[in-house]
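See below for the structure under consideration.
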Amino acid sequence: MFAYALLICLPMLAFGQDFLANQEFNRFDVDGDGNIEPREVQQYFRRFDTNGDNQISRQEYRQEVDTHHLNNPETHRALLRLFDEVDYNNDGFLDQSDFNKLFTNADANQNDLVNHNEFVTYFHQLTGGPVFG
């Protein structure tokens with residue numbers, strides 16, 4: 001019975017994770033060209049840094065996540081957990097070096113662009129979501 005329930009739920013979980021990954025990719029890809037460039041990562045970072053101190057506190061991050069995802073509890077929880085995954089130096093803040101590392105880690109072919117597939121793959125690694133193909 002458990003195996004049957006798992007078989008039914010896994011595709012729904014994958015769809016939810018894919019939707020979230022696609023949504024976040026589109027937020028990063030400001031110019032809509034299908035690639036994330038370093039300047040777009042900086043723009044994304046500045047959107048969260050509401051007090052302009054060049055770092056994103058957990059409170060600033062949570063405020064942005066609440067603004068866009070409060071009505072979807074699963075997405076909300078996943079994105080709040082993501083803060084700790086992206087805080088690579090574990091200082092309790094996200095700064096440009098954390099976002100640069102996020103970009104470098106996602107850029108699998110090291111061409112200074114993160115395409116949709118690279119982003120989705122790395123997003124799933126960070127959130128524990130499924131990776132297909």
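The values are calculated or read from the model by the stated rules, or taken from the named source; none is laboratory data. Being a predicted model, the structure only gives us computed values, none of them experimental. Please note: Cβ atoms are built from the backbone with ideal geometry, for glycine as well, and neighbour counts cover all protein chains shown. Side chains are part of the model used for accessible areas, which takes the heavy atoms of the whole protein and leaves out ligands, DNA and RNA. Shrake-Rupley method; radii C 1.70, N 1.55, O 1.52, S 1.80 Å.
Annotations for the structure displayed:
- Among the residues of the stretch 43-76, those that are over 26 Å from Gly32 (Cβ atoms) and assigned to a loop (DSSP other than H, G, I, E, B) comprise Asn51, Gly52, Asp53, Asn54.
- Residue in the stretch 55-62 that is open to solvent by less than 30 Å² (accessible area, probe 1.4 Å), aliphatic (A, V, I, L, M) and closer than 18 Å to Phe25 by Cβ present: no
- For beta carbons closer than 9 Å, sequence separation of 6+ or different chains, a first residue in the stretch 48-62 that is touching a residue at least 40 places away in the same chain (Cβ under 8 Å) and a second that is open to solvent by less than 90 Å² (accessible area, probe 1.4 Å) and among the β-branched types (Val, Ile, Thr), the qualifying pairs are Phe48/Ile56.
- Ser97 being hydroxyl-bearing (Ser, Thr, Tyr) and modelled with pLDDT of 95 or more: no
- Residue list for the stretch 82-99, filter: open to solvent by less than 20 Å² (accessible area, probe 1.4 Å) and assigned to a loop (DSSP other than H, G, I, E, B): Asp87
- Criterion (touching an Asp or Glu at 6+ places or on another chain (Cβ under 7 Å) and not acidic (Asp, Glu)) met by exactly one of Val30, Val41: Val30
- Restricted to the stretch 1-32, and to residues there that are open to solvent by 80 Å² or more (accessible area, probe 1.4 Å) and modelled with pLDDT of 90 or more, the residue that is nearest to the chain's Cα centre (by Cα) is Asn26.
- Only one entry in Leu79, Leu102, Leu126 is assigned to a helix (DSSP H, G or I) and touching a residue at least 60 places away in the same chain (Cβ under 8 Å), namely Leu102.
- Of all residues in the stretch 105-117, those satisfying the criterion of being free of Cβ contacts under 8 Å to residues at least 24 places away in the same chain and open to solvent by 20 Å² or more (accessible area, probe 1.4 Å) are Asn105, Ala108, Asn109, Gln110, Asn111, Asn117.
- Verdict on Asn72 being modelled with pLDDT of 90 or more, open to solvent by 30 Å² or more (accessible area, probe 1.4 Å) and within 22 Å of His124 (Cα to Cα): no
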